[in-house]
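Report on the structure given below.
The values are calculated or read from the model by the stated rules, or taken from the named source; none is laboratory data. Keep in mind the model is a prediction, meaning the values are calculated, not measured. Note that we place each Cβ from the backbone using ideal geometry, even for glycine, and neighbour counts take in every protein chain shown. With ligands, DNA and RNA removed, areas are computed over all heavy atoms of the protein, side chains included. Shrake-Rupley method; radii C 1.70, N 1.55, O 1.52, S 1.80 Å.
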Amino acid sequence: QVQLVESGGGLVQPGGSLRLSCGASGSTFRLVTMGWYRQAPGKERELVAGITGGGITNYADSVKGRFTISRDNAKKSMYLQMSSLKPEDTAVYYCNTISQRWNWGKGTLVTVSS
């Protein structure tokens, strides 16, 4: 079973930036479409960005123009560059396949607050 490890979260002021990382074990990473998800307190987990194995991306309207998803298949890693952060971006961020095929990691907490 593939293991997912997210990192890079923290406390940031509104308007600030953070870069999240996702590491995956297993040999099929390069073949699957991956996504970044987030779960805010009291809300359901939502998909915020996706990227195919070949690098085609898409974004939720709430983060379009502010977040950039990327991946390095050789390193079995995926990234989320977040800028112009808003308090409503506060959440635990997770990575997984678009079909949520793999076990969820622990996530990484992003807190946007002054």
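Among Leu11, Leu47, Leu20, which one shows the highest mean-square fluctuation when the chain is modelled as a Gaussian network with alpha-carbon springs under 10 Å? Top of the fluctuation ranking is Leu11.
Which percent of the accessible heavy-atom area of the chain goes to carbon and sulfur, probe 1.4 angstrom? Here it works out to 48 percent.
For the chain, the solvent-accessible area of protein heavy atoms averages 52 Å² per residue (probe radius 1.4 Å; ligands and nucleic acids excluded). Sparse packing (at most 10 other Cβ atoms within 10 Å of the Cβ) combined with a DSSP loop state is found for none of the chymotrypsin sites (Phe, Trp or Tyr not before Pro) in segment 28-114. Applied to segment 93-105, the Karplus parametrisation 6.51 cos²θ - 1.76 cosθ + 1.60 on θ = phi - 60° returns per-residue 3J(HN,Hα) values of 9, 10, 10, 5, 5, 4, 8, 6, 6, 9, 4, 5, x Hz, with x for Gly and Pro. Relative contact order of the chain, taken over Cα pairs closer than 8 Å and 6 or more residues apart, is 38 percent. Within the full protein context, the accessible area of Ile56 is estimated at about 120 Å² for a probe radius of 1.4 Å.
How would Asp61, Asp72, Asp89 rank on accessible area, largest to smallest, probe 1.4 Å? Write out the running numbers ahead of the final one.
Values: Asp61 130, Asp72 50, Asp89 0 Å².
Output order, biggest surface exposure first: Asp61, Asp72, Asp89.
Estimated at the nearest 10 Å², the accessible area of Arg71 is 40 Å² with a 1.4 Å probe.
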